[in-house]
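Some notes on the structure that comes next.
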Amino acid sequence: MTGPLAGVRILDMTSVLMGPYATSILGDMGADVIKLEAPDGDLIRQIGPSRSGAMGGMFMHANRSKRSIAVDLKTPAGREIALRLTQTADVLVYNLRPQAMERLGLGYEAAAAARADIIYVGTFGFGQDGPYAARPAYDDLVQGLCAVPALVAEAGDGTPRYAPINIADRVVGLHALAAILAALRHRDRTGEGQRIDVPMFETMASFVLGDHLGGLSYDPPLDQGGYPRLLAPERRPFRTADGYLCAVIYTDRHWQRFMEIAGRQDWRGDPRFASHAIRTRHMAGIMKDVAEVFAARTTVEWEELLSRADIPHARMNTLESLLDDPHLTEVGFFPVSEHPSEGAVRTMRVPSRWSATQPQPSRPAPGLGEHSREVLGEIGYAADEIDRLITAGAVAGPACRD
């Protein structure tokens, strides 16, 4: 393994998206990530098309740079495997509810008994000191609790909608990643492991309210909260005469130049444009007026005018055109590689660029139980013991049957 986390082992007991997204980044950074799956595999293996039927695109992208071992944790032998893996791991990450981990005999105390300095990270729905502690959580539910659909309704046609990406899973996954890296740094300095809970609700609430708490930050409140610029109904790609264009007219200089190229010198005396603070309060009406201006010219005409005026703008991609974006093409963002079961697949480059320890995927997403024998051998199981575990159903996966 190479990369900045070479030598770190992660026991990944997560499924679906939030945890796997975080651990895949750790794998790209060089950590040895062992994905412990149930015998029937991670559910998102089945989401979206795949050539093998068990390697959907979402699974592939969130589980590269990992090895897979399929274990039935409800059996005594399966629990023993998990604890022996914990003895060799620097970090254990899970996204079951803590109560479920306790029932499996894999709570923090059991993990710490296996390895005293283990970093034990839970990514689950709610903080364990509140009334929602035992509730299940999914991305849609957390979006709803954190007012995302209500904000979409206020900014749109009044209909609440979820954001069309798994935004809670990915935001909370990044928070979990940051917590793991910080905990590793703390252990490097002190030798101390610890338990870390990364609850979805509280994490996502802080993410949303960072933009929208506004005047509610004060006691008593100064307003009803909400960032007017983000909630303006016309804050969307501007309709041009032949398509759409994204533009951000933000600073005083941007506005002065836009008034000039738009032929709206009358706005210079409009008090709504006097300062950034005043524009923000009147953003809904301003964006409506700007939208009417954009509709009068073609996308190419606006691109030329905005470029000369040095006003930030960009074309609106679709999913298909994003794959052909000239910038992403030039930086080689979408390499095509050969997957053992899927054939040629398009992957995504690690976005960050490092001068010394460049992270990069170490292996494609694994088949279910692909590395069960290999990993069990590494933690001391003899070949005949592994055969017995497979026969008993404690270890599973196509690779074991083969």
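Here, each number is a calculation from the coordinates, and none is a lab measurement. Everything numeric in this text was worked out from a predicted model, so none of it was measured. Reconstructed Cβ throughout: ideal geometry from the backbone, glycine too, with neighbour counts over all protein chains shown.
Things worth noting here:
- Percentage relative contact order, the chain, counting C-alpha pairs under 8 Å, at least six apart: 21
- Listed residues GLY343, GLY57, GLY122, most fluctuating in the chain (Gaussian network, C-alpha, under 10 Å): GLY343
- Remark: the LEU328-ALA116 segment gains 71.8 nm on full extension, using 0.36 nm per residue and subtracting the alpha carbon distance.
- Rg and Dmax of the stretch 238-315, both derived from C-alpha coordinates alone, stand at 11.8, 33 Å.
- Relative to the longest principal axis of the Cα atoms of the chain, helix 383-392 runs at roughly 70 degrees.
- For the stretch 91-113, the residues whose backbone nitrogen is under 16 Å from a point 7 Å from the Cα of LEU141, taken along Cα to Cβ, are 95-101.
- Neighbour counts of C-beta atoms inside 10 Å place MET348, MET101 in the sequence MET348, MET101, starting with the fewest.
- Neighbour-count order for LEU376, LEU26, LEU222, LEU96, fewest beta carbons within 10 angstrom listed first: LEU222, LEU96, LEU376, LEU26
- Residue order, fewest to most surrounding Cβ atoms within 10 angstrom, among SER355, SER65: SER355, SER65
- Total formal charge among the other residues, if their Cβ is under 14 angstrom from that of ALA383, Lys/Arg +1 and Asp/Glu -1: -3
- Between the alpha-carbon centres of the stretch 98-136 and the stretch 1-74 there is a gap of 20 Å.
- Under 5 Å from the amide H of ASP197 lie the amide H atoms of GLY122, each residue being 5 or more positions distant or on a separate chain, with H modelled from the backbone and absent for Pro and chain starts.
- Shape category assigned to the stretch 197-327 from the gyration tensor of Cα positions, a/c cut at 1.5: oblate
- In this Cβ point-charge picture (+1 for Lys and Arg, -1 for Asp and Glu), the chain has a dipole of about 280 debye about its Cα centre.
- Rounded tilt (10° steps) of 283-294 against the dominant C-alpha axis of the chain: 70
- Helix axis angle, 76-88 relative to the chain longest principal axis, alpha carbon, degrees: 70
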